[in-house]
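First comes the structure, then the notes that go with it.
Throughout, read-outs are computed from the coordinates displayed, never taken from laboratory work. Bear in mind the structure is a predicted one, so any value in this text is a computation, not a measurement. Here the Cβ positions follow ideal geometry from the backbone for every residue, glycine too, while neighbour counts run over all protein chains shown.
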Amino acid sequence: MGKSFAVIGDPINHSLSPIIHSAAFRELNLDSSYIGYRIPKGELESGVEGLKKINITGFNVTIPHKIEMMKYLDKMDESCSIIGAVNTVVNDEGILKGYNTDMEGFLEPLKKRNFSIQDKKILLIGAGGAARAIIAGMSKEKAKEVDIANRTTKNAEELSEFATRIGLSTNVKKIEEIKNLQNYDAIINSTSVGLKNESSPISFEQTNENTVIYDIVYSPMNTDFIKKAKEKKLDVIYGYEMLLGQATRAFEIWHGMKAPYNAMKKALLGGF
Ligand code: ATR
């Protein structure tokens, strides 16, 4: 019998995960299907029960369930327990095992560019679930220091405490205070600012030509943050690159074989 997969979240109709995974199934002739399944906040438990009833093979988890889903797991791998959030689940006859592929998904585009995080000074804007996976990635890769700037200072402080626990040195800054970007080797936007075409959360007046700009917002592809960075001729990393990174890893967990990266990328870029 074919395998079935889903991505759960709310909203879900914007998700490009069904397009990416379906392209991989086509490329490798796999008898599998992947759908978007809307589960509103507060209905996660019954939604997950429903997925078990139809014997789903695995599913991705997105906003707003990445942290709450931890409660419904029977097992988890280290990435998931360290980060405290889950984005990929395997269903083995009703036993749910969680993974977090966001961290490796975040690191992959940097590695592809041979950008080493080790000993680098980074500015991270945002302090939500995605930011936790990014902090874990930067700790793993031994960044020198990370400044965290977030709209709500309390959330930045909590993220900073998490960073300290996993051995990463951080400072909490106010977004409005961020004027001079010259000392950063990389600047990452992990907020949802840009999804609705909002202006960049920071200004690019004082920049350093070697700074890499990384947006995790993937829709639209060219957010204002990315556009402003390009105007300054800075290197940019697009949100779709992290999306592909996490998707290929989820694919490999579920199918036990190498993901067809190029076919997945082609389908994703066609989805914009
Ligand atoms: P995710 O799991 O995708 O990280 P999240 O946990 O809801 O989603 O986090 C969203 C991030 O975007 C947070 O850093 C949030 O800032 P707050 O901690 O102040 O809520 C940030 N964010 C969302 N909308 C924003 C806005 N309009 N301006 C600035 N920051 C915003």
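Rank the residues 192, 17 as a footprinting-exposure proxy: fewest other Cβ atoms within 10 Å of their Cβ go first. Don't skip to the answer; put the middle values down first.
Values: 192 14, 17 23.
Fewest to most other Cβ atoms nearby, the residues stand as 192, 17.
Relative contact order of the chain: 17 percent, from C-alpha pairs under 8 Å at least 6 residues apart in sequence.
Using only the Cα atoms of segment 216-272, what semi-axes does the equivalent ellipsoid have when each is the square root of 5 times a gyration tensor eigenvalue? Give whole Å, largest first. Intermediate values should be presented prior to the final figure.
On the way: eigenvalues 142, 23, 16 Å².
Computed over segment 216-272, the values are 27, 11, 9 Å.
From Cα pairs below 8 angstrom and at least 6 apart in sequence, can you work out the relative contact order of segment 124-272, rounded to a whole percent?
On the way: 238 pairs, mean separation 25.6, N = 149.
Relative CO of segment 124-272 lands at 17 percent.
Reducing segment 55-93 and segment 192-244 to their Cα centroids gives an inter-centroid distance of 29 Å.
The HN-Hα couplings worked out from phi for segment 94-105 by the Karplus form 6.51 cos²θ - 1.76 cosθ + 1.60 (θ = phi - 60°) are x, 9, 9, 10, x, 9, 10, 9, 5, 5, 5, x Hz, whole numbers, x standing for Gly and Pro.
Each principal axis of segment 179-251 carries a Cα extent, and these read 40, 25, 17 Å when sorted largest first.
So how do 154-165, 244-255, 196-207, 116-127 stack up, highest first, on mean other-Cβ count within 10 Å?
Sorting 154-165, 244-255, 196-207, 116-127 by mean packing, highest first, produces 244-255, 116-127, 154-165, 196-207.
For the chain, the fraction of C-alpha pairs farther apart than 30 angstrom is 28 percent.
What the Kirkwood sum gives for segment 85-234 is a hydrodynamic radius of 15.9 Å, with every pair of different alpha carbons counted. Excluding residue 199 itself, what net charge comes from residues whose Cβ is under 12 Å from its Cβ, given Lys and Arg +1 and Asp and Glu -1? Its environment carries a net charge of +1. Among 103, 242, 76, the largest mean-square fluctuation in a Gaussian network model of the chain, built with springs joining Cα atoms closer than 10 Å, belongs to 76.
Proximity of backbone amide H atoms, modeled 1.01 Å from N, is registered between residue 32 and 3 at under 5 Å, excluding neighbours fewer than 5 places apart on the same chain. With everything on Cα atoms, drop me the angle between helix 239-255 and the longest principal axis of the chain, reported from 0 to 90° to the nearest 10. The answer is roughly 30 degrees. The rule of thumb for compact globular proteins, 2.2 N^0.38 Å, goes into the C-alpha radius of gyration of segment 109-193 0.99 times. Peptides 177-186, 54-63 ranked from most to least packed by the mean count of surrounding Cβ atoms within 10 Å: 54-63, 177-186.
Pairs of Cα atoms under 8 Å, at least six residues apart: use those to get the relative contact order of segment 191-234, whole percent. The partial results should precede the final answer.
Values: 48 pairs, mean separation 21.8, N = 44.
Over segment 191-234, the number comes to 49 percent.
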